[in-house]
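Visitor: First the structure, then my questions, so here it is.
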Amino acid sequence: MNNSRREFLIKLVKERKHLFYALFVIVTGTILYITLSPPDELPKQTLFKFDKLGHFIIFFGWTSLFGVLRIAQSGKKARLISILFSAVLFGLMIELLQHWMPFQRNAEALDMVANVAGSLTALLPIHMLKKKVP
């Protein structure tokens, strides 16, 4: 991403932060719905035929959006470790809730590994974006 695109993205998020916060809430709610609903109540889908790839993609997206919001809010003061910690905590919360669910949901360590891998991968573009913030 070149400098003008980075600057445009930060400016866009700052100017329309309510829209991006709403998007973040919708994305977070959708993730919670998909991961915590009984499997038989969800539509059959083939998009994430490979479960771990789905976890990776979902957490890459969630962490990216969260990181952009943090950078728009705090600029260079946004800490990558706090972005990663928030993503890991979110993924861990989901896995623990799945473990405690009374229906066919199970916590899986490999799901958590895929979640963390997606979040870690998202830190690279977030870091690049953060470096260009004035």
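None of the figures in this text is laboratory data; all of them are computed from the coordinates on show. None of the values given here were measured: they were computed from a predicted structure. Here Cβ is always computed from backbone atoms with ideal geometry, including for glycine, and neighbour counts include all displayed protein chains.
Visitor: Treating cross-link reach as a plain straight distance, find the aspartates and glutamates whose alpha-carbon is under 20 Å from the alpha-carbon of LYS76, omitting any fewer than eight places away in the same chain.
Guide: Partners found: GLU7, GLU15.
Visitor: ILE26 to LEU89: extension gain in nm, 0.36 nm per residue of separation minus the Cα-Cα distance?
Guide: Contour length minus the Cα-Cα distance gives 20.8 nm.
Visitor: How big is D, in µm² s⁻¹, for the chain by Stokes-Einstein at 20 °C and 1.002 mPa s if Rh is the Kirkwood radius over C-alpha pairs?
Guide: In µm²/s, the coefficient rounds to 136.
Visitor: Would you mind checking the pairs LYS17/LYS132; LYS11/LYS52; LYS17/LYS131; LYS52/LYS131 and listing those with alpha carbons more than 28 angstrom apart?
Guide: Over 28 Å Cα-Cα: LYS11/LYS52; LYS52/LYS131.
Visitor: If you don't mind, there's one more thing I want to ask. Would you mind counting up the charge near PHE59? Only other residues with Cβ under 15 Å from its Cβ, with Lys and Arg at +1 and Asp and Glu at -1.
Guide: -3
Visitor: Something else about it: Calculate for the chain the 222 nm mean residue ellipticity that helices alone would give, adding -39,500 (n - 2.57) per DSSP H run of length 4 or more and normalising by residue count, nearest 500 deg cm²/dmol.
Guide: The helix contribution divided over the chain gives -26000 deg cm²/dmol.
Visitor: Any idea how far apart LYS14 and LEU80 come out in nm if each label point goes 7 Å out from Cα toward Cβ?
Guide: Using points 7 Å along Cα→Cβ, the separation is 2.2 nm.
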